[in-house]
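Structure first, then comments.
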Amino acid sequence: VSLKGNLDSSPFPSSFLFGTASSSYQFEGAYLSDGKGLNNWDLFTHKPGNIVDGSNGDVAVDQYHRYLEDLNLMNYIGVNSYRFSISWARILPQGRFGSVNKAGINHYNKLINTLLLRGIKPFVTLTHYDIPQELENRYGAWLSPEVREDFKYYADICFKHFGDRVKYWVTFNEPNVAVIRGYRSGLYPPSRCSSSFGNCSSGDSENEPFVAAHNIILSHAAAVDIYRTKYQKQQRGSIGIVMNAIWYEPISNSYEDKQAAERAQSFYMNWFLDPIILGKYPLEMQEILGSDLPVFSNHDQKKLKSGLDFIGVNHYTSFYIRDCMFSVCEHGPGSSKTEGFALRTALKDGIFIGKSTAVDWLYVYPQGMDKIVTYIKKRYNNIPMFITENGFGENDKSDSPTEESLNDLNRVEYISGYLDTLAAALRKGADVRGYFLWSLLDNFEWTSGYTIRFGLHHVDYATLERTPRASAIWYKQFIANHTSPQEFSA
Ligand code: PNW
């Protein structure tokens, strides 16, 4: 009988991080407290029509005030890490054009210190979609090269104040989603739009997503440069970026559809990862977009190469891809030049790729986890990875926790399926070092407001009371089965 229980067969190393993930705008609330400046999401949600239920993140789940309670929930589950983001406008209400907000620094110091006291490692994102509105007003934020100065300035302040205790830094959460929804489909601020599959009929320039992405990539590089030259040696942490990673399955075995799936990946994820890791945009993008794609100077390229220590992977869903370059295909999501002539669809011969859910882009396809991790491992030479988000959303309208909402077996099935295939990828040698569930609590789900719930805990939005769901207990058990009860010291 093994004293270590399931451990012998567990592919998760003892240093593996198990946690939950969150973001400032979706969790904190306190949107005017203690000197915080207004951000792009404060403005966006307060404009009628942008959020389905007319709600906003003014209060959200009030984690700004309730973090001690939430730490108790984390300790009960037994996680050893917590992924959260810093609200840029709480630290720098006016960006680099004003002073540092001491109260903001104090808040994150308290949070970080308490996490560490509780044995939970902070895994910190600098930007999870929310940026000081000042940067939009002054120069159009990501559309201007000026933004690189602001991001560098902000990152420097965070490393300086928190880097003695924070050992995992993420520059950006899902810049691919932020750019596509902010500058192509118009669904997120700053509501710029050039696609017929979004919020608007006409448009802004189709180039804007590429310009915004270019500035984000170079902002990332600037922050990494500061970290490496000024801080990393003493602080001994690591820094990376988080991408939204969809598994794109060729809809047929044809050469054309396989190439199209490759292009879809290049126009979605490799768009950012290639420049940061390999120093240049994916070949397919260069070929198809030509001079529409911004270019990196020699100086940029040097800064870019090997510009991260790990890749953060947010993986939830998979889609089929059909070629639209060599074959005629219907006009649809992905089919145009700006997305690489690769039509995205969840259906093949009238059957969904996986069970559909209350979330319109979320299909349950557990093999996608193994496939995307293995894909990234191969393309980027097995750079360390973290699964920085994975989770399941449901639509449940009642505020008080119903039996049905708490007994979330669909979520348990989803999570256990995805963790199974993650384990398979690890056994094949993928260097994945952590897994963060989205999310500890129900929270503000962007344009879906509070109508979609992703939590291991139900939140009653009338009282903000948290109630554990079956999935919380399941995750607790899973972590216990896959970790040793505090390493024995010799
Ligand atoms: C992520 N997709 O967004 C975000 O990082 C979170 O803030 C968000 O709450 C969470 O997932 C759940 O929605 C995603 O198309 C956006 O596959 C798009 C996709 C997945 C996640």
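A quarter of the convex hull surface defined by the alpha-carbon atoms of the stretch 303-426 gives 11.2 nm² as the mean projection. Of the peptides 176-185, 94-103, the order by per-residue mean of other Cβ atoms within 10 Å, starting with the highest, comes out as 176-185, 94-103. Only the Cβ atoms of Lys and Arg (+1) and of Asp and Glu (-1) were treated as charged; on that basis the dipole of the chain about its Cα centre amounts to roughly 1760 debye.
Rg/Rh, computed from the Cα trace of the stretch 277-351 with Rh as the Kirkwood radius, has the value 1.08. Distant-in-sequence amide contacts of Lys121, defined by a placed amide H-H separation under 5 Å and a gap of 5 or more residues or a different chain, comprise Ser81, Tyr82. Here the stretch 77-158 is treated as an ellipsoid with the same Cα gyration tensor; its semi-axes, largest first and in whole Å, are 28, 13, 9.
Computed from the alpha carbon positions, the gyration tensor of the stretch 203-277 leads to an equivalent ellipsoid with semi-axes of 32, 18, 8 Å, biggest first. Within the chain, the selection of entire DSSP H helices by a Cα span of 20 Å or greater along the long axis and an average Kyte-Doolittle value of at least -1.0 returns 63-77, 102-117, 147-162, 208-226, 409-427. Put simply, when 422-432, 132-142, 313-323 are sorted by average Cβ atoms within 10 angstrom per residue, most first, you get 313-323, 132-142, 422-432.
The mean sequence distance of close C-alpha pairs (under 8 Å, at least 6 residues apart), as a share of the length of the chain, puts its relative contact order at 17 percent.
Working note: Cα atoms of the stretch 1-82, range along each principal axis, descending, whole Å: 62, 26, 19. Pairs of Lys residues in the stretch 344-490 are counted when their Cα atoms are under 24 angstrom apart and they lie 8 or more places apart or on different chains; the count is 6. Points 7 angstrom from Cα along the Cβ direction at Glu404 and Tyr461: gap in nanometres? Computed distance between label sites Glu404 and Tyr461 equals 1.8 nm. For the chain, the spherically averaged projection of the C-alpha convex hull amounts to 23.3 nm². For a straight C-alpha distance cut-off of 26 angstrom, the lysines reachable from Lys152 (same-chain residues fewer than eight places away being disregarded) are Lys36, Lys102, Lys110, Lys121, Lys160, Lys167, Lys230, Lys233, Lys280, Lys302, Lys303, Lys305. In this structure the amide hydrogen of Leu437, modeled in the peptide plane, comes within under 5 Å of the amide hydrogens of Gly19, Thr20, Ala21, none closer than 5 places in sequence on its chain. In the stretch 3-105, taking the dipole from charged Cβ atoms about the Cα centre, the farthest positive-side position among Gly78, Tyr64, Asn40 is held by Asn40. Counting only DSSP beta bridges with both residues in the stretch 1-155, what percent are antiparallel, rounded to the nearest 5? Antiparallel bridges: around 10 percent, rounded to the nearest 5. Summing +1 for each Lys or Arg and -1 for each Asp or Glu among the other residues whose beta-carbon sits under 15 angstrom from that of Leu289 gives -3. Peptides 270-282, 290-302 ranked from most to least packed by the mean count of surrounding Cβ atoms within 10 Å: 270-282, 290-302. Summing +1 for each Lys or Arg and -1 for each Asp or Glu among the other residues whose beta-carbon sits under 13 angstrom from that of Phe341 gives -4. Scaling against 2.2 N^0.38 Å puts the C-alpha radius of gyration of the stretch 127-270 at 1.20. Based on the convex hull around the alpha carbon atoms, the stretch 420-489 presents an average projected area of 7.2 nm². P(r) for the stretch 27-140, from all Cα pairs and a bin width of 5 Å, is 2, 11, 19, 22, 18, 14, 9, 4, 1, 0 %, short bins first.
Each reported figure results from applying straightforward, stated rules to the coordinates on display, with no laboratory input. Because the structure is a prediction, the values reported are computed rather than measured. All Cβ positions, glycine included, derive from the backbone under ideal geometry; neighbour counts span all protein chains shown.
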